[in-house]
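To start, the structure itself, in structure tokens.
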Amino acid sequence: MIITETVTINDKKFKHTYSDSGFYIQKEDTEEKYAEAYDVIDSDYTYIETEEKIPMDEENALKLTRGDVFRGIFQAKGIKREQIRALIQAMAETTEEEKIAKELASIDFDEALYFYRQNPLIDKIGKQLGISSYQMTKFFETNDWQELNKE
């Protein structure tokens, strides 16, 4: 699904658009494809989600250890692991796709040594905690929990 949010970068507001499922987005009526797009706030560009998955190069991927992520979320939002687990457990299971997504999220949460920024679960949980995709990316780039609270 296409997500569009307003982010502030250097005191200027932009529209940030991306796929929450890890696919490239394409600017409508063009051949332009992006992993994510930042447009001036009054632009009228619209995007569609492609069927092309954004490749995840583990060597160069933004990643943090489980401890880094849990510490950062706790320091920024006061949210404990048990509360994050509850968010995952509350995920919908209406369709077969939702059941699979929930099980994969549970596995990632319990078993992953690292959390990769490209994992759609990161944005889904972040959104529920009031953390934008941009803030989450900055956190993964810097491992500074204060990025999770910046506008």
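A few points about this structure:
- For the range 69-151, size of Cβ-based charge dipole, Lys and Arg +1, Asp and Glu -1, in debye: 380
- Local electrostatic count at residue 3 - Lys and Arg +1, Asp and Glu -1, tallied over other residues with Cβ under 12 Å: -2
- Residue exposure sequence - 136, 1, 91 - by fewest surrounding Cβ within 10 Å: 1, 91, 136
- With only the Cα atoms considered, the range 33-151 has a convex hull volume of 136 Å³ per residue.
- Rg over Rh, two decimals, the range 2-53 (C-alpha only, Kirkwood Rh): 0.98
- Modelled label positions at residue 31 and residue 85, each set 7 Å beyond Cα in the direction of Cβ, lie 5.1 nm from each other.
- Helical content alone sets the calculated 222 nm signal of the chain at -11500 deg cm²/dmol, taking -39,500 (n - 2.57) per DSSP H segment of four or more residues and averaging over every residue.
- Between residue 5 and residue 100, the simple label model (points 7 Å from Cα in the Cβ direction) yields a spacing of 2.6 nm.
- Inter-site label distance for residue 13 and residue 150 at 7 Å from Cα along Cβ, in nm: 1.9
- Screening the chain for DSSP H helices whose Cα atoms reach 15 Å or more along their own axis and whose mean Kyte hydropathy is at least 0.0 gives nothing.
- Across the range 109-138, the residues whose backbone nitrogen lies under 17 Å from the label position 7 Å along the beta-carbon direction of residue 92 are 121, 124-125, 127-128.
- Number of Lys pairs (Cα under 18 Å; 8 or more positions apart or on different chains) in the range 2-53: 4
Computed from the coordinates by the stated procedures, all read-outs in this text should not be read as laboratory data. For clarity, every value in this text was computed on a predicted model and none was experimentally measured. For neighbour counting, all protein chains shown are included, and Cβ atoms are generated from backbone atoms with ideal geometry for every residue, glycine included.
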